[in-house]
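To start, the structure itself, in structure tokens.
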Amino acid sequence: MPTLHKRTCHICEANCGVIVEMEGRKTLSIRGNPDHVLSRGHICPKATAIADLQDDPDRLRKPLKKVDGAWQEIEWDTAFDEIADKLAKLKSEGKRNALYMGNPNAHDYSVTLTVGMFRRILGLREIYSASTLDQIPHHLSQLLMYGHVSLAAVPDIDRCMNLVILGGNPAASNGSLWTVPDFKKRAKEMQARGGTMTVVDPRRSETAKLADYHHFIKPGTDTALLIAIFKALEAGDMINPDAHQNLSAHLDDGLPKAIKALADFNIKQLSEFCGISEDDIFSIAARLGGDTPSALYGRMGVSVCAFGSLNHWLIQLINIATGNLNRIGGTMFAQPGLDAVSIIGGGSFRMKETRSGPMGIVMNEMSTAGLADDILEPAEDQIRSMFILSGNPILSSPHGRRLDEALESLELLVSVDMYITETSRHADYILPPCGPLEKDHYPIFFGPLSVRNVASYSPATLPMEGDTKADWQIVAGLTTAIAKAFDVDIPNIREPRDSLDAMLQKSPAGLSLADVEAAPDGIDLGALKPCLPDRLCTDDKKIRVAPDILMGDLERFKIALSAQSDMKDSLSLIGRRHVRNNNSWLHNSKRLLKGPDRCTLMIHPDDAATRAIHDGDIVSVKSRVGMVSLAAEISDDVMQGIVSIPHGFGHDRDGVNLSVASAKPGVSINDLTDPALVDPLTGNAVLNGVPVIVEKCENLEAAE
Ligand SMILES: Nc1nc2c(c(=O)[nH]1)N[C@H]1C(S)=C(S)[C@@H](COP(=O)(O)OP(=O)(O)OC[C@H]3O[C@@H](n4cnc5c(=O)[nH]c(N)nc54)[C@H](O)[C@@H]3O)O[C@H]1N2
Ligand SMILES: Nc1nc2c(c(=O)[nH]1)N[C@H]1C(S)=C(S)[C@@H](COP(=O)(O)OP(=O)(O)OC[C@H]3O[C@@H](n4cnc5c(=O)[nH]c(N)nc54)[C@H](O)[C@@H]3O)O[C@H]1N2
Ligand code: SF4
Ligand SMILES: [Mo]
């Protein structure tokens, strides 16, 4: 008899409610849960991948050890002990160890709650993670302005009337740092009640196609657009935090300082720099500064660039200046059932001298763009061994080829992954977790980012089978073995479920895990509510409107603004996400790979014509650090001067046999991205706006 099980999908930040139909251990179907408090029945095609992952015969079931270049299965305890002994030896030789935590960790509460112990045993104050390839500028602006790295103001889309999206594509990504399942329907509802959506993106993205207004922008120039919007608000007498509420009561004295610091900029120059006309800039400002509730939101496109921190500050500044922060229908702070903001410390920021010069370190996150150098460059603190938990940095971080060399050079590499990937192939040990349906799930990071105040917990759908372990048990097993090998006290590792229960009970909503578990559709704690000043984590409960660190960075932007472009024959490379891809994985799922090859170079017809490139031609794309060849897809969805390649492909690397049996391996955009380019305030990689030379391949051959 088939059985039905409700849970939340863990694959992306939307955390949709799903109903899984099982017959024994076999998944018969996965569909949206219409009663789920947040997702209201919505799912995307990736939900079916949960079944493909669970049942994938290529998924590793036992730990692997590399012996003379070949993989051998070994027992868990042997793997833990051997790793611990090797680590103890490296420690005695004074050799540094490191940790990379990949994106899926953000979707696994139990690892999050166990990894602190692991770091302590290893003595790792700092780590590398996907955050510096993604979102660390958000965290810095939130820490400096609101006093907590996780205190994010998200668009209250269900009551918003003007939504302006910079560098985000929620129609494909399902929302990021903004848990908004069913984005498309919510956006259409907003438009149906007379609201508008504006999208600023160098590509006419899936979201741009739904928008009322779309403006192309030159990659990496949003700082100019944002300053210009602020100046246009000023010119139109629309800077008034108190326009709709008494917001000034919650601000420090920073607004006049910000106005002064931006005084020298002129809209004309800014408009020319970003490629958006002055008229369009004034229109965007008028929508944001008008009477109706409005929200300005920025995501990856304005984060993974050289001025990501400035951009996120300016976005907050504009929402504050127009009185839209903390306003119903504007941008609001969520107050979820499990409230990490109330119960976990605010986070840290400091400057550090690194190999690449002075760099901001937020939340003890080292720049992943610098990881290969930190491994390869001879120095006293050179990294010699490494753990990679749920990550594939070879495909996700800049200059993957150099990282290939770096990981191969390590004396010990341990990868916790269920596949032999482009990254784990370099490991000495691969430790595979159980299948996704064998894990419980609580989206602890996403409550504070949700469009409603909610709580939802999913118990494991299936019991674990055989000799398998969840990720947290692997981390716990390693911690215990390493403690023994280091001859230190074995830490008392708490069941993550117990810690989760304690965190829930400590949160202001006062729920217990039992309360939440008893509600398989989730608990709805209501729409977002204005909550200033209580929600602020600054000492004096005031918003720091113009933090010195960010204001100081305006000087760097001024230099960029006045510099001459040296692009000449080059084009500017950006990435793209597709609703059926998920970063570097899920390419084993045949259902998700259906349809035409997605890993193409999207190029504007005029740029193709000047290079005699036709649709489908194989072209070479060359950057400062590397070259790839792939098929061209001619499309006026990209702005002239811009080309786009999705990230996360490149599965036939060096012809090595990986578990990713993809029929459409594609190439890795990160063989082109440049690790020398970062936002120095955070170390965040610059993954868009990379200068590249594109040529038809036969031209190259003729030239050789
Ligand atoms: N050029 C370019 N590069 C990018 C981006 C871009 O837009 N452009 N995006 C960046 C962003 S936003 C991110 S978040 C990073 C992501 O980059 P990574 O942090 O490398 O994460 P993923 O690519 O998601 O890789 C996840 C790995 O974890 C494994 N995995 C999946 N689920 C589990 C699990 O439950 N347990 C374990 N142990 N392993 C699991 C998968 O098999 C896969 O190998 O990529 C970044 N790289
Ligand atoms: N289907 C799917 N969903 C995903 C993922 C996935 O891989 N696939 N990954 C998940 C992860 S880890 C993340 S972090 C989120 C990311 O979520 P989003 O940020 O919503 O997704 P992206 O597709 O990276 O959107 C960035 C947009 O910025 C544009 N852009 C590039 N450069 C610039 C620029 O300089 N300025 C401006 N204004 N725009 C620019 C790009 O063209 C793109 O449309 O998605 C998550 N959801
Ligand atoms: S949008 Fe898709 S992948 Fe993301 S949580 Fe929902 S069903 Fe899962
Ligand atoms: Mo991400």
Too long at a 30 Å Cα-Cα cut-off: which of K6/K188; K6/K469; K46/K188; K6/K209? K6/K209
For region 223-275 and region 279-335, what is the separation of their Cα centres, given in Å? 11 Å
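Scan the chain and note any complete DSSP helix (H) whose C-alpha atoms cover at least 20 Å along its axis and whose Kyte-Doolittle average is 0.0 or more.
Span-like helices here: 109-122, 471-486, 548-562.
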Leaving out ligands and nucleic acids, and using a 1.4 Å probe, what accessible area per residue does the chain come to in Å²? 36 Å²
Gain on full stretching of the segment that runs from E21 to K529 - 0.36 nm per residue minus C-alpha separation: 179.2 nm
Please list, ordered by chain and number, the residues whose modelled amide H lies under 5 Å from the amide H of V454; skip anything fewer than 5 residues away on the same chain. G337, L525
Rounded if a/c under 1.5, otherwise prolate or oblate - the chain, Cα gyration tensor axes: rounded
Carbon and sulfur atoms account, in whole percent of the 1.4 Å probe accessible area of the chain, for 51 percent
Roughly what % of DSSP beta bridges within the chain run antiparallel, to the nearest 5? 55 percent
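Using 0.36 nm times the number of residues separating I344 and N657, minus their current alpha carbon distance, what extension gain do you get? Write down the numbers at each step before the final one.
Numbers: separation 313, 0.36 × 313 = 112.68 nm, distance 4.29 nm.
Gain on stretching I344 to N657: 108.4 nm.
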Once each part is reduced to its C-alpha centroid, what is the distance from region 1-70 to region 588-655 in angstrom? 30 Å
Take the alpha-carbon centre of region 353-410, take the same for region 80-143, and report the distance between them in whole Å. 12 Å
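Quote to one decimal, in nm, the extra length available between D539 and Q72 on full extension: 0.36 nm per residue of separation minus the C-alpha distance between them.
Gain on extension, D539 to Q72, equals 162.6 nm.
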Rounded if a/c is under 1.5, else prolate if a/b beats b/c, else oblate: with a ≥ b ≥ c from the C-alpha gyration tensor eigenvalues square-rooted, which is region 444-558? oblate
Considering only A663, V678, L630, whose Cα is most displaced toward the positive end of the charge dipole of region 593-690, charges sitting on Cβ of Lys, Arg (+1) and Asp, Glu (-1)? A663
Per DSSP helix of 4 or more residues, -39500 (n - 2.57); summed, then divided by the residues of the chain. What does that give at 222 nm, rounded to the nearest 500? -8500 deg cm²/dmol
Built amide H within the under 5 Å cut-off of V638, gap 5+: R204
Going by the alpha-carbon gyration tensor, a ≥ b ≥ c the square roots of its eigenvalues, is region 602-704 rounded (a/c under 1.5) or, if a/c is not under 1.5, prolate (a/b greater than b/c) versus oblate? oblate
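Kindly sort D636, D569 by accessible area of their heavy atoms, largest first, with the probe set to 1.4 Å.
D569, D636
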Rank these residues by their accessible area, most exposed first, probe 1.4 Å: C160, C537. C537, C160
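The values are calculated or read from the model by the stated rules, or taken from the named source; none is laboratory data. Fair warning: this is a prediction, and the values are worked out from it, not measured in the lab. As a convention, Cβ positions derive from the backbone with ideal geometry for all residues, glycine included, and neighbour counts pool all protein chains shown. What goes into the accessible areas is simple: the full protein's heavy atoms, side chains included, and nothing from ligands, DNA or RNA. Shrake-Rupley method; radii C 1.70, N 1.55, O 1.52, S 1.80 Å.
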